[in-house]
Amino acid sequence: MKKKQSLILKKGGRITQEAVKKIVKKVAVSKKGIKISTTILPDHHFKLVKVKRGLAGLGLFAGENIKKGELIIEYIGEILNKEEAEKVSTNQYLFEVNRNKTINGQVRWNIARYCNHACEEAANAESEIKKGRIFIKATKNIKVGEEIVYDYGEEFVNEHIAPYGCRCVAKEHSYKAKKPVVGSL
Ligand SMILES: [Zn+2]
């Protein structure tokens with residue numbers, strides 16, 4: 001059976017309605033200073049983030065300074081068991097939590113899906129699985145306006161990124177990824 005993880009978050013989530021109101025206000029203020037196209041924000045983020053054009057299509061950007069080690073956003077979606085996950089045809093957004101739990105993040109309310117890949121050297125975040133939930137956590141200090149990127153891992157990169165070339169800013173790309181051939185895309 002598919003379950004919306006947002007229901008679970010309402011019980012265990014750290015974001016209160018009060019916090020959500022604050023965040024909305026903050027965005028309105030920052031709109032004056034920084035030019036942004038903003039998508040705000042279901043209640044699964046811990047830091048102010050924005051969605052706009054990045055290195056590889058739409059990306060997730062820091063809406064405030066984020067310190068190394070801080071949680072940024074939770075990767076949410078439909079919770080699938082092994083059997084259900086095997087039936088999903090577009091597997092780009094599947095995130096395996098454990099042997100029998102996979103999150104399909106291909107839902108509009110999962111803003112974390114905009115977080116693009118970067119190879120190890122250029123990544124400023126990482127994914128972390130904790131108590132059956134997936135979080136994106138800063139591995140460096142991230143300044144407001146910087147794109148938030150993490151290493152998607154060898155299997156994903158070799159299957160989905162390497163064939164087209166990797167557009168992250170690393171000089172040395174990880175796994176089988178290389179720069180895109182000039183002229184493509
Ligand atoms: Zn790369």
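Kindly indicate whether GLU146 is more than 12 Å from the ligand (Cβ to nearest atom) and either free of Cβ contacts under 8 Å to residues at least 40 places away in the same chain or surrounded by fewer than 14 Cβ atoms within 10 Å (Cβ to Cβ) (or both). Against the criterion (more than 12 Å from the ligand (Cβ to nearest atom) and either free of Cβ contacts under 8 Å to residues at least 40 places away in the same chain or surrounded by fewer than 14 Cβ atoms within 10 Å (Cβ to Cβ) (or both)), GLU146 does not qualify. Within the stretch 105-121, being more than 11 Å from the chain's Cα centre (by Cα) and crowded, with 20+ Cβ neighbours inside 10 Å holds for ALA118, CYS119.
For every residue, the table says whether it meets (1) under 17 Å from the mean Cα position of the chain (by Cα); (2) within 16 Å of PHE156 (Cα to Cα); (3) surrounded by 13 or more Cβ atoms within 10 Å (Cβ to Cβ).
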position	(1), (2), (3)
GLY57	yes, no, no
PHE61	yes, no, yes
LEU71	yes, no, yes
GLU96	yes, yes, yes
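Filter the stretch 152-184 down to residues that are β-branched (Val, Ile, Thr) and modelled with pLDDT under 90, then give me how many there are. Selection size over the stretch 152-184: 2.
Residues checked against (1) β-branched (Val, Ile, Thr); (2) surrounded by fewer than 18 Cβ atoms within 10 Å (Cβ to Cβ); (3) on the phi > 0 side of the Ramachandran plot:
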| residue | (1), (2), (3) |
| --- | --- |
| LYS137 | no, no, no |
| TYR150 | no, no, no |
| ASN158 | no, yes, no |
| CYS168 | no, no, no |
| HIS173 | no, no, no |
| LYS176 | no, yes, no |
| VAL181 | yes, yes, no |
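Within the stretch 149-168, the residues that satisfy the criterion of being part of a loop (DSSP other than H, G, I, E, B), within 11 Å of the ligand (Cβ to nearest atom) and in contact with a strand residue (DSSP E or B) (Cβ under 9 Å, 6 or more places away or on another chain) are ASP151, TYR152, CYS166, ARG167, CYS168. Among the residues making up the stretch 112-128, those that are over 16 Å from PHE46 (Cβ atoms) and either away from the ligand (no atom under 14 Å from the Cβ) or of a type in the set (A, V, I, L, M, F, W, C) (or both) are ARG113, ALA118, CYS119, ALA122, ALA123. Here PRO180 clears all of (1) more than 28 Å from GLU74 (Cβ to Cβ); (2) more than 13 Å from the ligand (Cβ to nearest atom); (3) touching a residue at least 12 places away in the same chain (Cβ under 8 Å) except the condition numbered (2).
Residues checked against (1) out of contact with any Leu (no Cβ under 8 Å at 6 or more places or on another chain); (2) assigned to a loop (DSSP other than H, G, I, E, B):
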{"residue": "LYS52", "(1), (2)": "no, no"}
{"residue": "GLU64", "(1), (2)": "no, yes"}
{"residue": "LYS68", "(1), (2)": "yes, yes"}
{"residue": "ILE73", "(1), (2)": "no, no"}
{"residue": "GLU83", "(1), (2)": "yes, no"}
{"residue": "THR90", "(1), (2)": "yes, yes"}
{"residue": "PHE95", "(1), (2)": "yes, no"}
{"residue": "THR102", "(1), (2)": "no, no"}
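The values are calculated or read from the model by the stated rules, or taken from the named source; none is laboratory data. Keep in mind it's a predicted model, so treat the numbers as computed, not measured. As a convention, Cβ positions derive from the backbone with ideal geometry for all residues, glycine included, and neighbour counts pool all protein chains shown.
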